[in-house]
Structure formats: structure tokens, C-alpha cells
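What follows is a set of notes on a single structure, which appears directly below.
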Amino acid sequence: MDKLKIGIRTKITFGYIFIIIALILSGLYLNNEIRDLQDERNQIINYDSQILTLSNNIEKYLLEMQAGKRGYIITGDDRYLERYYQASQSWESDYHTLYPLLRHNPQQQEKLSIIKKTIDNWILNSGDPVIEMKRNGDEEALEEHFLRDPGRTDIALMEQQFEEFRILENEAISNKTEELDNRNNTVSALLSVFLIVIALIAITMATAVSSSIINTTRNVTNSIRKIGASEGDYGERIKVTTNDEIKDLVVATNDLLDNMENREWLQTNLASLLTKAQGVSSINKLSELFLSEITKSTGSAYGAFYVAARNTESTEYVKKASFSGSGQEIGRESFKLGEGIIGQAALDGEVFHTTNVPENYRFIQTGLGVTQPKSILIVPVKFENGVIAVIELASLDDFSPLEIELVENIVESLGLTINSILDRMEIVRLLNESRAMTEELQAQSEELQTQSEELQSQSEELQMQTEELTIINEQLEERTKDAEAKSAELEKAKKELEATAEQLLINSNYKSEFLANMSHELRTPLNSILILSEMLSENGSSNLNEEQVEFAKVINSSGQDLLSLINDILDLSKVEAGKLEILFGEVNMNELPHLMEQTFLPIANNKGLEFNIKKSDNVDDLFYTDEKRFNQILKNLLSNAFKFTEQGSVTLDITKLPAQQLTNDMQESSNDWIQVSVIDTGIGIPKEKHQLIFESFQQADGATVRKYGGTGLGLSISKEFSKLLGGWITLESEEGKGSTFTLVLPSLPNGLSEECLQSLNQELTRALHEEIAATQEIDELPAPAEEPVSKDLNDSELNETLEKIPMLEECDIFEGKNILIVDDDNRNIFSLKTILEHNGINVLVAKQGQECLDILQSNKDVDLVLMDIMMPVMDGYEAMTRIRHDLKMTDLPIIAITAKAMKTDREKCIQAGASDYISKPIDLEQLFSVLRVWLVTQGSMS
Amino acid sequence: MPHSEHRIVPNIEHAELEIDILLNAVFRLSGYDFRLYNRSSITRRIYNRMRVSNISTITQLTNLIIHDSSFLEQILNDFSINVTEMFRNPSFFKAFRTDIIPRIKDYPEIRIWHAGCATGEEVFSMAILLEEEGLMDKAVIYATDMNEEVLKKAKNGVFSLHKMQAYTKNYQLAGGKEAFSQYYKTDQQFAYFHNDLLKNIIFAQHNLVTDQSFNEFHVIICRNVLIYFTQALQNQVHQLFYESLTVGGYLGLGDKETLRFIELMPKYIEINSTERIYQKVE
């Protein structure tokens, strides 16, 4: 960061300046170099001309001196001498000028000094001494001198030396010129080099600067692009190594990213929390969830969540959840508004954040020790101008502004969530309550139904009792009211009764006489038949073939059967007429087995049956009863037993009834009772027929008659006899397993008591009445129930009445009901009508739909309609619809009669208004079942 | 409470205490536990008994219950509400026919538990429904109730003639396919349902409060029984049902009952919400 900042402008400017400076420097350098060259050349040129001039001057001055000397010698004129001396002086001066000039060229200096020597030598040898000789006029010397002339060689040497000097000097000059040319070339080359170097540097710098700019820009672009592509992952940062405006841009961008990342963090946390909070239905769960999330997000070590309790007078905040890193339960359970810092925060509705944690503030327990939190954050959760909840967080670090912002942001929407959860909880509570109440209602309604059923049955019972009481009352009332009339009538009735009884007796006598006569009248021809047929069967004259003999035997045995039947009828009629004489007397019980054996052993042997007779020892020898009838009963039972037994045995078992088995009633008539059982292993009698077979002319079923013959009178006669003897007959039997008939009789030395006889007679009389009524169809006879009118009503009568009520009710379902048959088929109508009428139902008939409607309209007493569906013109559906809609008879039961094949039509029937349906062909039992269901008076159904 | 001689305890607390004692007595004496039954219902039944038998306090009734076994029987009878009908809420049976039968008709065996069957009207209804759907031969209905007396009645299949018109209407509304009269004969007082219907019904005494699961079922029907239980007991019984249902099995409740507030609800889905038919899914 502390790297020196170099901006892009600086970089570019610096580059340009560098290039300009480089150009200027190289220009200056070259300029200098060129000037030097120029100077040097000028110098060379001047020097060269000076040296040439001076050397020429020296040579000229020497020639002048020679010319002066010669002039003087020839002429002796001093003017020439003067020239000489003048030239001698000039020479000297030029020499001294030239010599230092040649200081850079020692070779030339050498040459020059040699030239000087030559000159000096000339002067010394051929100059001054000659002048002296002339002056001294020594002509000889002069002549000699001239003869030898040493000067000439010196001059020639001097000229030659000068020539060499000049050549050398020219060479030196040309060398120098060449050197200058070289230097000139060098400068040219340098110039090119400078230009190239500067160009290269300029390019390098431009590249460096531009690439530093472009690369950084590209980096930034790439980073931004990457961030863009990462969709919301703002974790990436742009890295930059330069320190320029782009870095500024990067820094600014990174700041923006930081900001966005923080936003994102906030948003993510917020959204995740709110999403999680969405499914939460309990405030405790929400609190826990919220705390665990917020402590995680903010790195808090401790947190507590308080929610304002509803429905309290002073606002109280109750802890709903707490969080502590150590897992222990923390935080106070509740606080009131304004109580403590947290209460104050709730009251103000302001976020409270401090790093100045009070001394006594809760210490945070960790696994290793106990520390005090460094900062506390208390945030009230607002909803509709109120603080709905308060969150307290404590951290071992400082809360960053971002974390605080997160908490604040979350809290903004939390209020609504809490409120809606509280509302939802309230709704759930209410729903639950309403469900409980619905269930409760259902339970109550069922209870009520049970109670009402109980009440119903109670009320029915009461009603029945009331009804009975009413009847009794009515009767009593009637009786009280008609007391006198009754007593008056009583006499009359008595007389009438007597007359009736007499009449009855007469009737009975008539009947008995008739029967007796009939028997007689029948017996007379029968006897002839019996005798004659017997005679025939004996075939005395042997003129009958075997078949004819067999016929005669059949005629005889049929005749015998007929005879015994007639005897039975006679006996029975005697019993019924009370004409049968019963003579009680001693019976020797010891003889009984022998007698029975005598009679039945042959039959047993004949049928291959075992015949056992058992008699217990406790049976007294003497027994008092009517021996004739007693034997007759036993014979009847035994012959029955043999008749219906094909294999096995018939047993006669005679025992005395032990005293403890005797009931009070039995003891009243006698203390000595015997029991005679006839046990067979025959076909047996089905349970439901047990009662029936004791009735006259009855056997178990028709098939029995066909197989075993007989009149079926034997048992009923035996029953009647046993009654006359003061006892009775019972039957135990199971179909296929055999039967046991048991005769129970008392020993009656004095015969039957008066009472017994009376009741017997009464019963007989009643039976007679019924029979007479049935046979002679005389309805006018007083009903037996009305006979004992004079007596007070007693319990037994009341009970009898009670028993009659349900019996009457039982008969009543069909009795007097009106059923309308709607059918177009005469045969159906006929059969249904017959069956229904037979059951006491009044039947109306409609042969088509319209007729049905007419009948129903004019006759409101119809209890039920039997509706055939398939009818011409107006079918059953339409008829039913009309009944329900047009006639508005919604409650009238309608039973539809459908064809079995048309199952789908049943629904149509119900839709058309049928109450129920049955299928053709009609099953009578089903028909009556349905009729009972729909004709029964509706009870207590809701 | 010896320290509270001077405190006036409201009568309602007395009553609560007395009822607690009565129910404990009943439980100890009979084994029938009504302590978790809906208190208000039990309270009404007790007061009803007191009114009918002319008893002035609950304690007196408790006394009678303890010392007179006929009173124990009487109060047990009072507590057991046996309100039922054939095809009760016909729409339930219709829904069962249309929604559930197609899902179970291919099972090799169908075990149905009718919990709290009372006098058996609904069991016979279910038997008729299964018969008409051709499923009677492979279905077994376990019909249970805690009251053996009503079970005896149920086994007879004899119902009052007076109610048959209503039952016929219910049968028709429940989507009955035949003539209802095919299933019974009548005399002057009763309708006798055919014994054929009984062939795959097993009647057994079972107490939902104290007895355990005894088989795994494909269908459990328990209608208008739970309304007499507290929420806690309802949860307990639902746990029993849950344990007794196969995964994918169906639970049918009464029309005023719901699984909605029961802890086990997440393990069921609603098949028919109005008819309260649920399916166990996990």
C-alpha cells in the first residue's frame, strides 16, 4: 500500500520527457562534436597556411639576404647591406614564430631546427664573413671565397630541407584532414546510433506503459467478468500489482464487492432464516430455530428469545428459547416492560448494543473455563407499533456492524412472522378446540340417542303399563258402573251359560251319539267285510289263485285298520264328551312286564328288534289307577315304538319318581308317582313336530303316513288318557336317533280330586267349544275369555292380559292394512292378491299407472304400493315420480318389482322414488319380509 | 388434605375427586379403564345414572358399585355407548366402495379390523358390501368391542324391524347393488340377517384402552369410538392402530373424527378427507 503511486499520466509524460531529453542531449552532443570538428579544421587550415607562409617567408628572407649580400659585394653599396640585415632580422623573428607552432609535431620542429642550423651555417660561413671581407676590401679573400662558394651548398640544402619540411607538413596536414574526416564519419554514425537507441527506448517505454495499463485493465475486466459469471458469489476479489488509477478503480470495485458480499450475506442469512421460519408452526420452534441460526451467523456465545405474552394486563416477555454454547439452560424466564436493560430496550423499541458489559453480567461458561462476554446486543422485534419479542445476544467478540445490521434486518420481518405464527397457533388451538367440541357434540348426541332409546323403551313400557292400567281401569269402571246390571245379567248369563252348557252337552252328546252310531253303523258292514275277507283268504274251496288270496288278505288287514281307527275315534269322542268312565283300582305292577312281553315280543321277533323291559325295585307292587286305560296307553306307546323302529331296540323302563323330584303340585295329588318310559332307536321326531304329534290325526309328516300307515290318533288318545289318570306324557326325541316317550302317573287310591276333575272338565268343555265352533262355524258362542266375569281380576289374569298385548301386536302388522298392487298382468295380480288377502291384507288393484294415481288420490288409506315397473302407457318409474311429485305422497312406501336381469334399473327405481325393490320372480318370504319392514309402525328412529 | 379444614373447596373439585374414585373403583373391580375417557361424557353418564336410579351423590353411586355387582354392570353398561346404524353415514360406505375397494380388491387376503363394533350393524354392512364386491371369500373381518354383551347381540345379526326402513335407505345411499331384502328375513319384531354373512366375521372381545395389537390389518374401521376418549388416549389408540396397520393400509374414522391433531398424522395421507379415510404411508 505504501508503494509510491505512479499515475498513468505520469507514466506517459515521463516517457515523452525521457525521449525529448535523450534527443536534446544527443543533439547537443552532436552539435558540440561538429563544432569541434569545424574548429579543428579551421585550426588546421590556419596553422597550415601560417606554417606555409612562415616557412616561405623564412626561405624568402634567406633569399633576400643572399640577394642583399650579393648586391653589397658587387656594388659595395650599403643599401644592399641594409636589406641583408633587415632580412636577417625577419628570418629570425619568423623562425621563432614558426617553431612553437610546430610543438605538436616534433618531427617538423626537428626539421625546422635543422633548417635553422643550415641557415645559421650559411650566415656564419657565407654571409657575415663575406660582408666583412668586402668591407675590409679583401678582394682576394672575396675572390677565393667566391671561387670556393660554400654558401651555395647551404642554400641548396636549405631549399631541399624546406622542400622536405613542406612535404612533411603537407603530409601532416593531409593526415589531420583524414583524421577529421574519420571523426566526421564517427559523428555521423553516432547520430544514427543515438536515433536508433532513442527509438528503441521510446518503443520499450511505450510498450511498458501501455502494457501496464492494458494488463491491469484486462485483469480487472477478467475479474469482473468472473464475478459476473459466478452468479452472486462475491467472495472473489480483483488483485492488482500496479499503483495507479486502475488500482483506484479496483479498490473501488473491491469495496463495491465487499458491500455486495455483505448485502448478499445479509440477504442469504435473512432469506434462509425466513425460509426456515415459513414451515414453523410453533413459536417455541421458531424461537429455537431463530436463535440457533442467529447465534451461528453472528458468532454469539449466548442468546435468549423472549416473546410478549398475549392476554396479560402488563406486558410480560416470556423466554421461549435460549442458546448457550455450553448447552445449559440460561436466561431469566420472563421480564416486564421497562424492567432492566432488556425491558428498557423493549420499552424504547431501540436496539441496544454495548461493549461495556456490566460487571455482574452473566459469565459465559465454555468447556475450559468461564469468561465474560465482550459485547451484548439486545434487539426488540416490532410489530404494529408494539414490541412483540426481544432477542438478547452476547458474544465473546465484538459484533460487527454487519452482524448488527443482519440482526436488525431479520428482526424487521420477524415481527410479522411471529405474529402470524402466534395467530396460526391461536387458530390451531381454536380448531383443536372446535374439533374437541365437535367430538363432544357427537358424543353427546350419541349419548342422547342412547338416553332417548332408553327413554323410548321406558316410555314404551310405561305406555304399555298405562295401556294395561287403562284397560283394567276401564274394565273396573265398567264393572263398578255395571255392577248391578251385571249381577242382574249374571243370573241371566248363568242361565244362558247353563243353557249353553246343556246345549253343549247335548251337542256333545249328539256328536258322541253320532259317532257311536256311526261307529256302529260302520262296524256292522265292516264286520261282514272282515269275516268274509278272512274266509276268502283261507281259500277253503281252493278255487282262488294266489293273487286273489293276497287281495283278500289286504282287504282283511285294511278292514282291521279301519276298525281300529273307528275304535280310536270312538274312544276319543268319548273322552271329549266326558263320557269315558275311569275306574281307579289296584294294578299289580309285577304282572305288567309279563303282560307287555306277551303282547309285543312276537312283533319284536318278527321285526328283528330287541325288546327290553326294566323295572326298578323301588316300584311298589300295588299301584292305583285305571288299569285298562293304563295298559292302553302303554300299548299305544309300545306299538308306536315298534312301528317306527327298523333296527335296534325298544325298551320299556318302569321307575318310581323319587320324592325330591316331586313338585308341590304333584305332592298335592299323590306322594307316589311312577314313570314309565318307552325308548326306541327309531326314526325319531324333529323338535318342531313334538307338539304336533300329540294332536289328532297328526304324524311327523306326510311321508311318514305313506310309509308307516296309522291314523295318528294313538298318541292323542294316550295324552288324553294320561290326563284323565292325573298324569302326562313327555317326549324326548331327536330326528334319526330315536324317541323316548315317558308316561308319568300318580298312584290315586281315591281317584282324582273334585278340583282336578273340574279343571279337566273345563278344559275339555273349552276344547269342545273350539272344535264345535270350528266344525259348525258358530261364531255367536261367547268367547271363553269372557266367561269368568264374576271374579275379581287377579294377578294371573293380569299376566294373561299382558301376554296378549304383544300377541295382538304381532298379528297386527298385516291385519287390516291396505296395499295397492299396480300391475298389468292378471295372473300376477291374482296370485299376489290371494296371498296378501290370505294374510288379512286388503288389496286394491290398479292395472296401469294412471289408475294407480287415481286410486291414491281418492283413497288416502293405502299403506303401501307394490309397483310393477314394466307397464304399458305409464310405466312404473313415471308412476312413482308422479306419486312423489304430483301427489306429494313422500312417505308412502312404494316397493318396486323389477326384473331380475335389470340391475341398473334399481338405481332408476330409487331415483324415481321407490322405497325399496324386489326382483321377479317374487320370493314370498322375501316379499313378506319387505312388507313387514315397510308396514311396521315406525318406532324411534331419528 | 388435613391442612385445609377451613378452605372451601368448590363442588366441582369434589365432583372431580368423586369421579376419579368411581373410575378407579370401576377399573379395579372390572378391569375396564375409563379414566382416560372424555371426562365430560363420563360425567354426564354418571349424572344420568344418578338421576335414573335416584342417587344423590357420586360417592353413593361408587358405594353401590363397590358393594352391588349389578350396579357395576349397570354403570359399565351406561359407559358403553352403543349407538350405531347399518351403513351409518352412507357416504362413508359409498366412499369405501369407490375409493378403497379398487385398491384392495387384488390382495390375496384382506384383513379388516372393526374396532368398537358395538351391536355389529356396521360389521354386517361391511360384510354386505364385501359380498357385493365379490370379496367376502378372501376377506376376514375382526369385529371387536370391549363389551361382551353387545358382542353377543352382534353375533346374532338380529336387528329391530322398526329400524329397517332407515337401514334400507342407508343401504341404497351407500351404493347397494342388490335388493336389501335379499340379506334378511323378518318376523313381527325383528329382521334376521342371513348367517352366510357371518361366515368370515370373527367377533372377539378387545379393549382399545388396555389391550394390545393382535394382528396386522389392511383396513381398520373405528368410527365414533375415539370421540369418547381424551386427546392423550386418542393418541395412544392411534399408536395401536398404526402398529396394527400394514404399510399402505387404510384407516376409516367417524365423520366427526380426524387425524389432523394426532401426532401420527405425518405417517398418513388423506384418501378422502370428508369421509375421514386415511392411508398409512410409512
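No lab work stands behind these numbers, since they all come straight from the coordinates. Remember, predicted model here, so these are calculated numbers, not experimental data. Please note: Cβ atoms are built from the backbone with ideal geometry, for glycine as well, and neighbour counts cover all protein chains shown.
Here are some notes:
- Alpha carbon convex hull of region A:279-433, volume per residue in cubic angstrom: 115
- The alpha-carbon atoms of region B:2-79 define a convex hull whose volume equals 104 cubic angstrom per residue.
- Binned Cα-Cα distances of region A:28-194, short to long, each 5 Å bin given as a whole percent: 2, 8, 15, 16, 13, 10, 9, 7, 6, 4, 3, 3, 2, 1, 1, 0
- Protection proxy ranking of A:667-677, A:8-18, by the mean of other Cβ atoms within 10 Å over each peptide's residues and highest first, is A:667-677, A:8-18.
- Long-range amide H partners of A:ILE613 with built H, under 5 Å: A:LEU652
- Near A:ALA896, the amide H atoms lying under 5 Å from its own belong to A:MET867, A:SER915, A:ASP916, A:TYR917, A:ILE918; only residues 5 or more places off or on other chains count, and H is placed 1.01 Å from N.
- Working ranking of peptides A:44-57, B:76-89, B:202-215 by packing, defined as the average number of other Cβ atoms within 10 Å per residue, highest first, is B:76-89, A:44-57, B:202-215.
- Here's how it looks for B:ILE271: its modeled amide H is under 5 Å from those of B:ILE277, B:TYR278, B:GLN279, which are all 5 or more places away or on a different chain.
- From the alpha carbon centroid of region B:210-282 to that of region A:639-670 is 63 Å.
- Across region A:604-612, computed HN-Hα scalar couplings (Karplus, 6.51 cos²θ - 1.76 cosθ + 1.60, θ = phi - 60°) run 4, 4, 4, 8, x, 10, 7, 10, 10 Hz from first to last residue, x flagging Gly and Pro.
- With kT/(6 pi eta Rh) evaluated at 10 °C and eta = 1.306 mPa s, and Rh the Kirkwood radius from Cα pairs, the protein assembly as shown diffuses with a coefficient of 33 µm²/s according to Stokes-Einstein.
- Taking only the Cα atoms of region A:583-751, the radius of gyration and Dmax are 15.7, 45 Å.
- Note on A:187-197: average number of Cβ atoms from other chains within 10 Å of each residue's Cβ is 0.
- Near A:VAL549: Cβ cut-off under 13 Å, other residues only, Lys/Arg at +1 and Asp/Glu at -1. The net charge is -4.
- The mean number of Cβ atoms from other chains found within 10 Å of a Cβ in peptide B:222-231 is 3, as a whole number.
- Using the Cβ-Cβ distance between B:LYS169 and B:ASP68 with R0 set to 35 Å, the FRET efficiency from 1/(1 + (r/R0)^6) comes to roughly 0.25.
- Which of A:TRP728, A:TRP91 has the fewest Cβ neighbours within 10 Å, and the rest in rising order: A:TRP728, A:TRP91
- Added length on full extension, which subtracts the Cα-Cα distance from 0.36 nm per residue, A:ILE24 to A:LEU532: 164.0 nm
- Packing-based exposure ordering (other Cβ within 10 Å, fewest first) of B:CYS222, A:CYS852: B:CYS222, A:CYS852
- Calculated over chain B: convex hull of Cα atoms, volume per residue (Å³): 149
- Residues in region A:213-229 carry Karplus couplings, in order, of 6, 5, 4, 4, 4, 4, 3, 4, 4, 4, 4, 5, 4, 4, 4, x, 6 Hz; the curve used is 6.51 cos²θ - 1.76 cosθ + 1.60 with θ = phi - 60°, and Gly or Pro positions show x.
- With a 10 Å cut-off around each Cβ of B:83-96, the average count of Cβ atoms from other chains is 1.
- Hull shadow area, averaged, region A:810-935 [alpha-carbon convex hull, nm²]: 7.0
- Modelled spin-label separation between A:LYS336 and A:SER452, with each label point placed 7 Å from Cα along the Cα-to-Cβ direction: 5.5 nm.
- Environment charge of A:ASN32, counting only residues whose C-beta is closer than 14 Å and scoring Lys/Arg +1, Asp/Glu -1: -2
- For A:LYS689, the aspartates and glutamates whose Cα comes closer than 14 Å to its Cα, not counting residues fewer than 8 places off in the same chain, are A:ASP701, A:GLU732, A:GLU734, A:GLU735.
- From phi via Karplus (6.51, -1.76, 1.60), per-residue ³J(HN,Hα) for region B:153-163 in Hz, x at Gly/Pro: 4, 4, 4, 6, x, 10, 10, 4, 4, 4, 8
- Cross-link pairs beyond the 26 Å C-alpha cut-off, checked among B:LYS177/B:LYS267; B:LYS199/B:LYS280; A:LYS553/A:LYS643; B:LYS256/B:LYS280: B:LYS177/B:LYS267; B:LYS199/B:LYS280
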